[in-house]
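Take this structure first; my questions come after.
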Amino acid sequence: MNEKIGLEIHVRLNTKTKLFCSDHNNIKNAKPNSNTCPVCMGFPGSKPVLNKEAVRYGVMIALALNCSISSKIFFSRKTYFYPDMSKNYQITQYEIPIGREGYLEISNGKRIRIRRVHIEEDPAKILYPTNDLNTSEYLLVDYNRSGMPLSEIVTEPDFSDKEEVREFMDKLISILEHLGVFDAQADAALRADVNVSIENGERVEVKNVSGLENIERAITYEIIRQRSAYRLNGRVERETRHFSEVSGTTTKLRAKEFEEDYGYIFDPDLPIVKLSDELIEKIKSELPELPDKRIERFIRSYKIEKSFASILVNKDKQLADFFEESLKYYNNPESLAKWITTFLLKSLNWHKLRINQTHVKPEVFALLIRSVDENKISDAYAKDLIKIYVDTGKDITDMIKSYNAINKEDIEKIARRYIESNMKAVSEYKKGNIRAIDFIIGSILKETKKRADPKLVKEIVIDLIDKEEASVAQ
Amino acid sequence: MILLTIESFLERNQNLKREELDDIIARAKERSLLIDKEYDAFITLNDNLAVESKGILYGVAISVKDNICTKGLRTTAGSRILESYIPPFDATVIEKVKRAGGFIIGKTAMDEFGFGSFSINCAYKIPKNPNDKERVTGGSSGGAAAVTKAADFPHIAIAQSTGGSITAPAAFTGTVGITPTYGRVSRYGLIDYSNSMDKIGTIGKDVFDAALLLQIIQGYDPRDSTSIKLNEESYIDSMNKEIKGFKIAIPKEYYDYNYVDKRVADKIMDSLSKLEELGASFDIISMPMYKYAISAYYIVAISEASTNLARYSGLRYGLQKQLDSSLTFDEYASIIREQGFGEEAKRRIILGTFARMSGYRDAFYLKALKIRKLLIDDYKRVFSRYDAIITPSMPVIAPKIKDALSMEPLKVYGMDIMTVGPNFTGMPTISIPVARVEGMPIGMQIVGDHFNEAKIIRIARNLEKVLNYE
Ligand SMILES: [Zn+2]
């Protein structure tokens, strides 16, 4: 069971402009091929000009991943022919990446080693009319994506299973978001080449897998495929494979001996960039608070449990921001952390949404949880409201408040009615059969549609019966 | 009609009346047509001649080597693969020329993508030498030099050099060519051959013309990261200063009869006496590294060229074919490239791809880059003691076109022996005609240290005055 998994992760950097031209980098819903210029279209005579912001982002990522930073960087041409390549070479970094030999620690204490961090340009986007390479008669190319900046982060094959991969990826994305260099919602924001090898097997590379979920699917499939291949043939061959999102399976692209020779040369249009110690120190000093530090701070200042703090920060930066924002409206970290990491997160996961993709507002959420804690709202109803809130985005403020308005007196009113019409059960109760009033409580809960707290209802019913007895006794 | 020099034309061009300007333009157009008929010097003539603003070049016709992008005007780089290519933007040098009042007369003939020393590797017509129509113009900026030689109207050429493509045609046609320091002139809009060596320069009838145009097109450009921020020099202001006390280096290897036509070498040596009369002195020196220059130069040039040419695959511009769904992308691109590229382009793509393949990269490409560093050191050592290096521009006089066509590629590459050193190391050069052999002009190449254009222009101008070459 000795799997080794390594990742070559490509993340889109959210700079203002593309890597080598001045086209916008984060235009959403642009018409195909509307966000282009001679440089990113590879027109004859055009020349790339390096976006310094992207270099700074690269340095930030490398620093956050504990890499050593190169004092000089330059760019190279990686030549291969493919329809998405505007120049049929990609400008990337080859010999000397921005960062080398870093690591990222995961919760079991294991350090996943980072081999290199560099920046490069994204090719154009290919659209297959049938959504599948094998069945499409032609393809369309959208150069809006051409030249967008990517950071490539390469790990050593240090992962033992896909759970470690998932945790690493969550943490990595959280780091990128804390750095402010990455927008997880951008088109094709995250892709990876996944290397998987089983014990005694050769390394298999699965190319260009898009998104977290598919990375896990590809790993699962590859491990199963390689194990059965090994059982069948006694070996696993070194090769490159393609992952199909439709079927969740991989197919062979090429064997090792047919690996492309990219014929790297230095890109002579781009001068060497010096990364001085002062510059690196400056970037380091300006780094924002990163996940590990933030988790420590949450535990220290808010006195919340480590498991809650880790989920809040590592699952998704926006969730941690939401938590801190909610605290401004209701200063009860423990309660908010609990509700966010359980029921809110559950609703979000159900829809595969992140908090900032919903209309859930911290002030409303804080009000809800405060109402629960003040026993104005039942847990059950609160769970329902969270679900409605995430599902529909409808403002639930009135529902929280209106619930409060009918609260105690209304329950008492309803309770009196059920007590009067069930005197038999009441007398049973008085005789000592405590369970006799369950029917009354159930009816009240039913009528209030879970909006009443069962504990409170029970209290009220018992209270009313006791009071009645007292008045009769007089 | 007496041909005015541009120097004298500039005394009156600012006061030209509209009709006079129109006459000049009409005449330039008519004469260019004739020149093209006579010498096949243009690939495209500009039908829409227009002066866009009033400046120093008001009324001066500018011809442009066809690998420099001109907005709305066909630009082929001398290749079939770009036969119908109309650039959507102007190169920076074109913008500058237009702003200075020059008008673009047409696009001049060249070796395909600059791949040649004679302008015979042409997808279109082979330009002819105005001194002798049976002879080559030199390459790759052959059309530029031919038009310059033949023009009898105010005209200067924008040319371009990678390994000697300005000096060679200037020398063979008897014109003056300036190849500036790498980085002096923006390459934005230049269709790349070898980006680490490509330089846009000028060819004029005399030193003044070539220097004037260089002064206009030079300068830092944010769109070309390899262009350099410098105080822009006025060559016109400094070119007439005397050169008394200048020290000139004469590298003996460049006068070796094994490589250079004896008559050419001797004529250059002879004209050195004129320099002494002007108060300059010279020493014979040795630059032994020169023998590695050609092979190293070609390895770097073709490595870069083979990546530059990868983009021509028939997709967004240039030669295209009806798409056929039975073809894969690779097959389609192969058909386009097979039909679109000439023999020399294919040769350089194949050799260049080989030189950068893993396994050969260290032995060829990376080693060639190391040699470039050593060569630069070699030049720097010389320039620490001398103001300029003088060599013949070309080792021979312009050969006959038919002889050139049957020359072995290696022998052709050897023609660059004089020019490759400074071009490979990014040094500025100027080639001026100094004498004739068999009635054909021969050129003297003056090489300066990086960004010392003013100095070599000054030497050339002083020499030009006393040579009475014509
Ligand atoms: Zn662009």
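Restricting to Cα atoms and excluding each atom paired with itself, what does the Kirkwood estimate give for the stretch B:291-366 in Å?
13.6 Å
Work out how much length A:TYR230 to A:ASP410 would gain on full extension: take 0.36 nm times their residue separation and subtract the Cα-Cα distance, in nm to one decimal.
57.9 nm
Of the accessible area of chain B, with the probe set at 1.4 angstrom, what percent is carbon plus sulfur?
Here it works out to 52 percent.
At what distance in angstrom do the alpha carbon centres of the stretch B:346-416 and the stretch B:1-65 lie from each other?
36 Å
Continuing with the same structure: Starting from the amide H of B:ILE43, placed 1.01 Å from N in the peptide plane, find each other amide H under 5 Å away whose residue is 5 or more places distant or on another chain.
Excluding prolines and chain starts, which carry no amide H, the hits are B:LYS107, B:THR108, B:ALA109.
Hey, another quick one. Highest first, please rank the peptides A:338-348, B:192-202 by the mean number of other Cβ atoms sitting within 10 Å of their residues.
Highest mean packing first, the order is B:192-202, A:338-348.
Simple spin-label model, 7 Å along Cα-to-Cβ: A:GLU237 to A:ASP373 in nm?
6.3 nm
Assuming a viscosity of 0.692 mPa s and a temperature of 37 °C, what translational diffusion coefficient in µm² per second does Stokes-Einstein assign to the stretch A:173-224, Rh being the Kirkwood radius over Cα pairs?
265 µm²/s
If you take the C-alpha gyration tensor of the stretch A:216-293, multiply each eigenvalue by 5 and take the square root, what semi-axes do you get, largest first, in whole Å?
Calculated on Cα positions only, the semi-axes equal 41, 23, 12 Å.
Taking a quarter of the surface of the convex hull around the Cα atoms of the stretch B:338-404, what do you get in nm²?
7.8 nm²
Let me ask something additional. Shape of the stretch A:3-283 from its Cα gyration tensor (a ≥ b ≥ c, root eigenvalues): rounded if a/c is under 1.5, otherwise prolate when a/b > b/c, or oblate?
In terms of gyration-tensor shape, oblate.
While we're here: Rank these by accessible area, largest first, 1.4 Å probe: B:GLU233, A:GLU420.
A:GLU420, B:GLU233
What FRET efficiency comes out for the pair A:GLU101/A:HIS351, r = Cβ-Cβ distance, R0 = 51 Å, nearest 0.05?
0.80
Related question: Averaged over its residues, how many other protein chain Cβ atoms are within 10 Å of peptide A:36-44's Cβ atoms?
Mean partner shielding for this stretch: 6.
What do you reckon, how do B:MET407, A:MET85 stack up by accessible area (1.4 Å probe), largest on top?
B:MET407, A:MET85
Leaving out ligands and nucleic acids, and using a 1.4 Å probe, what accessible area per residue does chain B come to in Å²?
Computed with neighbouring chains in place, this is 36 Å² per residue.
Which residues of the stretch A:88-103 bury at least 20 Å² of accessible area once all protein chains are present, versus their chain alone (1.4 Å probe)?
Checking the loss per residue gives A:ASN88, A:TYR89, A:GLU95.
Now for a separate question. Note down the relative contact order for chain A as a percent, whole number, built from C-alpha pairs under 8 angstrom at least six residues apart.
Dividing the mean separation by the residue count of chain A yields 13 percent.
So how much accessible surface do B and A hide from each other in total, probe 1.4 Å, in square angstrom to the nearest 100?
By this definition, chains B and A bury close to 2900 Å².
At q = 0.06, 0.08, 0.13 Å⁻¹, what base-10 log of I(q)/I(0) does the Debye formula yield for chain B when every alpha carbon is treated as an equal point scatterer in vacuo?
Values, matching the q order: -0.23, -0.42, -1.16.
Could you pull the Rg and Dmax for the stretch A:289-402, using just the Cα atoms, both in Å?
13.3, 41
Students often get this wrong: which residues of the stretch A:192-235 have the backbone nitrogen under 14 Å from the point 7 angstrom along Cα-to-C-beta of A:TYR82?
Output list for this probe position: A:192-194, A:206-210.
If you don't mind, there's one more thing I want to ask. Note down the nm distance, to one decimal, between modelled labels 7 Å out along Cα→Cβ at B:TYR257 and at A:LEU290.
Distance between the two pseudo-spin positions: 7.2 nm.
Still on this structure: Compute, for B:CYS122, the solvent-accessible surface of its heavy atoms (probe 1.4 Å) with the complete set of protein chains present, and express it in square angstrom to the nearest 10.
Estimated to the nearest 10 Å², B:CYS122 gives 30 Å².
Give me the percent of the accessible area of chain A that comes from carbon and sulfur atoms, probe 1.4 Å, all protein chains in place.
That share works out to 50 percent.
Further question on the same structure: For chain A, evaluate the Debye formula with one uniform point scatterer on each Cα (no solvent term) and list log10 I(q)/I(0) at q = 0.06, 0.07, 0.11 Å⁻¹, rounded to two decimals.
-0.40, -0.51, -0.97
Could you work out, for the protein assembly as shown, what percent of all Cα-Cα pairs fall into each 20 Å distance bin, beginning at 0 Å and stopping at the bin that holds the largest distance?
12, 34, 26, 16, 7, 4, 1, 0
Between A:SER22 and B:LYS402, what FRET efficiency comes out of the Förster formula 1/(1 + (r/R0)^6) with R0 = 51 Å and r the beta carbon distance, rounded to 0.05?
0.50
Another question, then. How many nm separate the modelled label positions at B:LEU369 and B:ARG12, each set 7 Å beyond the Cα in the direction of the Cβ?
5.6 nm
Separate question: In percent, how large is the relative contact order of the stretch A:61-146, given Cα pairs closer than 8 Å and 6 or more residues apart?
Reported as a whole number, the value is 27 percent.
Accessible area drop of at least 30 Å² (1.4 Å probe, protein heavy atoms): which residues of the stretch A:47-78 qualify, relative to the chain alone?
A:LYS47, A:VAL49, A:ARG77
Then there's this: Counting heavy atoms of the protein chains only and a 1.4 Å probe, report the per residue accessible area for chain A as a whole number of Å².
Here the residues of chain A average 48 Å² of exposed surface.
Here's something else I'd like to know. I'd like the per residue volume of the convex hull spanned by the Cα atoms of the stretch B:279-420, given in cubic angstrom.
173 Å³
Out of every Cα pair in the stretch A:171-307, what percent are spaced more than 22 Å from each other?
Value for the stretch A:171-307: 62 percent of Cα pairs lie more than 22 Å apart.
Sticking with this structure for a sec: Which whole-number percent gives the relative contact order of chain B, counting Cα pairs below 8 Å spaced six or more residues apart?
Answer for chain B is 17 percent.
Moving to a separate point now. Please give the net charge around B:ILE94, taking every other residue with its beta carbon less than 14 angstrom from that of B:ILE94, where Lys and Arg add +1 and Asp and Glu add -1.
Its environment carries a net charge of +3.
Separate question: Between the stretch B:178-239 and the stretch A:102-121, how far is it from one alpha carbon centroid to the other, in angstrom?
46 Å
Now for a separate question. Determine the percent antiparallel among the DSSP beta bridges restricted to the protein assembly as shown, to the nearest 5.
Restricted to the protein assembly as shown, the bridges split so that about 80 percent are antiparallel.
Could you state the principal axis extents of the C-alpha atoms in the stretch B:121-275, from the largest down, to the nearest angstrom?
Reported extents, whole Å, longest axis first: 47, 46, 34.
Work out the FRET efficiency for A:GLU428 and A:LEU456 from their Cβ-Cβ distance, taking R0 = 30 Å, and round it to the nearest 0.05.
E between A:GLU428 and A:LEU456, to the nearest 0.05, is 0.85.
How many percent of DSSP beta bridges within chain B run antiparallel, rounded to 5?
Rounded to the nearest five, the antiparallel share is 65 percent.
The values are calculated or read from the model by the stated rules, or taken from the named source; none is laboratory data. Everything numeric in this text was worked out from a predicted model, so none of it was measured. Ideal geometry is used to build each Cβ from the backbone, glycine not excepted, and the neighbour counts take in all protein chains shown. The accessibility values were calculated without ligands, DNA or RNA, using every heavy atom of the protein model including side chains. Shrake-Rupley method; radii C 1.70, N 1.55, O 1.52, S 1.80 Å.
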